[in-house]
Amino acid sequence: MTGPRAFGLYVHWPFCQAKCPYCDFNSHVAASVDQSAWRTAFRAEIERVRQDCPDRVLGSIFFGGGTPSLMTPETVEDIISSARTAWPFANDIEITLEANPTSVEASRFQGIADAGVNRVSIGVQALNDSDLRALGRLHSADEARAALDVAHSHFDRVSFDLIYARQEQSLKDWERELADAIMLADGHMSLYQLTIEDGTAFGDRFARGRLGGLPGEDLAADMYELTQHMTEAAGLPGYEISNHAAPGQESRHNLVYWRGHDWLGVGPGAHGRFTSANQRIATEAYSNPGAWLEAVRTGSGETSRHALGAQDSLEEMLMMGLRLSEGVPLDRYQEYSNKFIELADDGLLQIRDGSVSATALGKPLLNAILRKLLA
């Protein structure tokens, strides 16, 4: 947690083939996309934000979305080339692209790898077809397994996502599925409990009482505990609330966020955080793809930029850092010492080796812990 600040670039591709009913990300369905126009816009934005951090070494690039695997390899290559022109690359730079496991997208993996991507994160989400349909996914379980095979042949590092605590899912169902997933894993998995978000199709159904079969709190807690036990036993401990990795296989780019380091964001809805003149600067871009594209043509895709106050910055870093198993450095948060001790006495936090982290009991209660700390 010490040493020089890491530096990353986040690239948001906002387009999807379909909007998943649980998704509250900035994603949009479009009949067609002018990839040439988007390449031009990303080049311009990367050149613009380069001025914010002109003397940094880029350690990671993350293509998120949306569905970045719908980008052509030429678009991916052009963005990576623009980033390389803007900043020197670390020798071991991590370049991640999110992908869905449809056969169409998997067929692009060779071209994406040739463009410079060395890590993919595949949105598998479930390993049976009935639950995939319920989640609004366009791929089958067989396609997911096939896509993972293809990915392993093209990329140095492969991760995938699963969603659990789904409708009508029992603890035994999840145990069997997670065992299968662990057999498929290659160093990293992201395992998320299904969350019903306002503004999504699932959120609307839930509000109308039409989303039955969701697990109660006790079952969801049992699923979380089982997840930690099985992944730990398989050598994939949780280094973050929902992310599991073999030592050395953690997502370096996501650690930039969770450790409160610096990153620049380009693309519709992208956020950035960077340090300038000892101030933490927050940026945000237009979320609507058309509005963003037009704004870039006239000079900048940003809608806002402001300096975070010292307390706001501290609290933001605390919220992110406590998601990590390593926790946060105690000396950075002396004003919270009494609350840390109180929560440690309750068994929810642990204080050791100069850091504060959530215990096994505290991790599933992190939101409550943060409410108490930040009250």
Set of the range 343-373 residues, backbone N closer than 19 Å to the point 7 Å along the Cα-Cβ line of PHE206: 364-369, 371
Translational D in µm²/s for the range 310-375 (Stokes-Einstein at 25 °C, 0.890 mPa s, Kirkwood Rh from C-alpha pairs): 213
Charge-dipole axis of the range 163-312 as Lys and Arg at +1 and Asp and Glu at -1 on Cβ define it, positive-most pick from ALA307, TYR192, HIS253: ALA307
No Cys partner within the rule (Cβ under 4.7 Å), the chain: CYS16, CYS53
Built amide H within the under 5 Å cut-off of GLY267, gap 5+: HIS12
Antiparallel DSSP beta bridges within the range 7-257, as percent of all bridges there, nearest 5: 15
Other-chain or far-sequence residues with amide H under 5 Å of LEU97's (modelled H): PHE63, ARG119, VAL120, SER121
Length-normalised contact order of the chain in % [C-alpha pairs under 8 Å, at least 6 apart]: 16
Surface/4 of the Cα convex hull for the range 171-303, nm²: 11.9
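Counting Lys +1, Arg +1, Asp -1, Glu -1, what net charge surrounds VAL117 among other residues with beta carbon under 15 Å of its beta carbon? It would help to have the intermediate numbers written out before the result.
Numbers: positive: ARG84, ARG108, ARG119, ARG157, ARG252; negative: GLU74, GLU77, ASP78, ASP92, GLU94, GLU98, GLU105, ASP114, ASP156.
Result for the neighbourhood of VAL117: -4.
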Among GLY65, GLY354, GLY265, residue whose mean-square fluctuation peaks in a GNM of the chain (springs only between Cα atoms under 10 Å): GLY354
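Cα convex hull of the range 1-112: mean projected area in nm², to one decimal?
On the way: hull surface 34.0 nm².
Here the figure is 8.5 nm², rounded to one decimal.
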Kirkwood hydrodynamic radius of the chain, Cα pairs, Å: 21.7
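Please work out the FRET efficiency for the pair ARG176 and GLN51, using the Cβ-Cβ distance as r and a Förster radius of 41 Å; give the result to the nearest 0.05.
0.20
Read-outs: derived from the displayed coordinates by stated rules, not from any lab. As the structure is a computational prediction, the values presented were derived from the model and not from experiment. Because the Cβ atoms are built from the backbone with ideal geometry, glycine has one as well, and the counts that use them run over all protein chains shown.
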